[in-house]
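Reviewing the structure listed below.
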Amino acid sequence: MADEQPAKSATALLVLGCPQVPVQTSIALYLINRLKKAGITPVVAGNKAANTLLVVADQDRHYLGEVIDLDRAIGLITDGKRTFDFCFVFIHNDAGVSYAATLGAISQAKLYGLVYGEHFEDQAKKIDFPCTVIAAKAVHNPLPLKKAIDEVAPWAA
């Protein structure tokens with residue numbers, strides 16, 4: 001039928017903070033890959049350092065697609081110019097919790113807080129807003145957080 005519009009694929013925003021904790025980059029690439037395999041288009045929004053680490057790690061863009069500045073992404077969502085079906089906020093400090101709260105308030109996306117780092121339990125306790133928390137003590141070894149993500153399987157939601 002000529003009048004039918006093609007189905008819009010689901011989209012996911014991955015919000016990256018300061019890449020101080022080494023696992024952030026590898027888990028972001030892992031999650032991007034899993035989302036793409038599930039037919040979900042991932043968009044990465046981070047600060048300059050976080051975005052640069054991903055771009056350098058995946059120069060030929062085998063996994064990485066659109067990458068934008070985090071503040072720009074928040075502005076686009078606030079202005080109603082961009083929407084996402086899922087939002088994954090990487091959290092290892094207070095700023096990550098604040099970004100998750102902000103995105104939960106301005107976006108209709110299903111919100112996931114990926115909480116990791118040395119003090120992941122303390123950070124997870126600060127999340128007092130609607131959010132699916134995926135938490136693990138992961139600093140240098142990404143496998144505990146990968147396992148926690150796989151148990152939730154957000155790409156299948």
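Numbers for the structure displayed
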quantity: Helices (runs of 4 or more DSSP H) within segment 47-153 that include 1 or more residues more than 18 Å from V21 (Cα to Cα) and open to solvent by 20 Å² or more (accessible area, probe 1.4 Å); calculated: 70-78, 94-106, 120-125, 143-152
quantity: Hits in segment 22-46 - residues which are within 23 Å of G117 (Cβ to Cβ) and assigned to a strand (DSSP E or B); calculated: P42, V44, A45, G46
quantity: Single condition P22 does not satisfy, out of (1) under 21 Å from K147 (Cα atoms); (2) buried (at least 17 other Cβ atoms within 10 Å of the Cβ); (3) not β-branched (V, I, T); calculated: (2)
quantity: Verdict on G113 being small (G, A, S) and modelled with pLDDT under 95; calculated: no
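The values are calculated or read from the model by the stated rules, or taken from the named source; none is laboratory data. Predicted, not measured: the structure shown is a model, and the values here were computed from it. For neighbour counting, all protein chains shown are included, and Cβ atoms are generated from backbone atoms with ideal geometry for every residue, glycine included. Accessible surface is based on the protein model in full, side chains and every heavy atom, while ligands, DNA and RNA are left aside. Shrake-Rupley method; radii C 1.70, N 1.55, O 1.52, S 1.80 Å.
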